[in-house]
Amino acid sequence: EKVLPSTTKDQIESMIQSGLSIFGEHGALAFKCGATRRFKTPNNERVRLQSTDPYADSVAAFEAAAKAFFETKAARFDGDVFEATCHAMLEVQPNTMDADSYCKPLCQAFRSAAQKASNDMVGADAVGIDELKDQIRVKEECVRMAQVSLEACASDWKSLEVFKSELTELSAIIDSRFADVRSAMRALDDATDQLDDLEGDLEEQEKALEEAITLLDDAIEEQADAKTVLASAKDKETGLKEDIGKATSELASLTAELKDAEHASNVVAKLKITVEAVMELMDGF
């Protein structure tokens, strides 16, 4: 078996950067490696990714980069160096799990994709460091168990095969459930975004309502002023009616007096005629 050189740190970083390119200029950490599709800058500017599933798109981009790398480079994948490099780039704490970030599972997905691409392209006739380590561990275990009992070794080997099969099934289940979790988180992210938009609309409606209340208050004040003016006009109208009533009464009195004066004038005229007649009679004597 020939031993190929392992992937270098620079080569690993280049592949990882290809996978993280989906997150754009703000980087994977800003979007928590796909746990969210939006964030606000220190200037309160809202930034949103176009991708509906940035985690899956990032894994796909990395798979393409890893496949292209191993198609052109004669190198065997070093999983330990890869994991340490990815954790450093994405600020992952190996012994903790951050429920709000997908960075740790993203590194694991990158590692699995790179290992598969390496196995597919290098072939079975080449052995890398990871496989050498695995072979050493298996052989040491076989030797130790053979010293105790060949039969126990065979039994334990079967148990390991069953355990490996169960782990494979559990891994598939975990991947499926993680995809469901990411889908739910995307829906929650969209709902949060809609709530932000609704909050903005409510603020605009609140401003419009305040303006309407101000206009209503002004209208009420104008209405009160109009009532005051109308009451004053009514008082003036009442006073005018009283003045007209007095004037009417005075006109009636004057009319009566005029009638009396007319009657007196007629009496005087008749008296004058009578006096003149008497005087003529007296002249005739």
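The values are calculated or read from the model by the stated rules, or taken from the named source; none is laboratory data. Being a predicted model, the structure only gives us computed values, none of them experimental. Every residue, glycine as well, gets a Cβ built from its backbone with ideal geometry; the counts of neighbours run over all protein chains shown.
Residues that are assigned to a loop (DSSP other than H, G, I, E, B) and in contact (Cβ under 8 Å) with a residue 60 or more places away in the chain were ranked within the stretch 19-35; the one that is surrounded by the most Cβ atoms within 10 Å (Cβ to Cβ) is ALA28.
Exactly one residue out of ALA184, ALA179, ALA208, ALA172 is in contact (Cβ under 8 Å) with a residue 60 or more places away in the chain, out of contact with any Asp or Glu (no Cβ under 7 Å at 6 or more places or on another chain) and over 16 Å from ARG48 (Cβ atoms): that is ALA179. When GLY245, GLY239 are checked against the criterion of being modelled with pLDDT of 80 or more, assigned to a helix (DSSP H, G or I) and of a type outside the set (S, T, N, Q), a single residue qualifies: GLY245. Anything in the stretch 136-158 that is under 56 Å from the mean Cα position of the chain (by Cα) and either over 28 Å from MET97 (Cβ atoms) or among the acidic types (Asp, Glu) (or both)? List them, or say none. Matches in the stretch 136-158: ILE136, VAL138, ASP156, TRP157, LYS158.
Filter the stretch 83-102 for residues that are closer than 27 Å to LYS73 by Cα and of a type in the set (A, V, I, L, M, F, W, C); which is surrounded by the fewest Cβ atoms within 10 Å (Cβ to Cβ)?
Taking the stretch 83-102 and keeping what is closer than 27 Å to LYS73 by Cα, we get 83-90.
Within this subset, residues satisfying the condition of being of a type in the set (A, V, I, L, M, F, W, C) are 84, 86, 88-90.
Numbers: ALA84: 16, CYS86: 26, ALA88: 12, MET89: 18, LEU90: 21.
If we take residues in the stretch 83-102 being closer than 27 Å to LYS73 by Cα and of a type in the set (A, V, I, L, M, F, W, C), then ALA88 is surrounded by the fewest Cβ atoms within 10 Å (Cβ to Cβ).
Checking GLU257, GLU280, GLU276 one by one, the residue that is without any contact (Cβ under 8 Å) to a residue 40 or more places away in the chain and loosely packed, with under 10 Cβ neighbours inside 10 Å is GLU280 and no other.
Farther than 21 Å from ALA179 by Cβ, buried (at least 19 other Cβ atoms within 10 Å of the Cβ) and touching a residue at least 24 places away in the same chain (Cβ under 8 Å), is that true of ILE16? Answer is yes for this residue. Applying the criterion of being in a loop (DSSP other than H, G, I, E, B), out of contact with any Asp or Glu (no Cβ under 6 Å at 6 or more places or on another chain) and not acidic (Asp, Glu) to the residues of the stretch 36-51, the residue that is surrounded by the most Cβ atoms within 10 Å (Cβ to Cβ) is LEU49.
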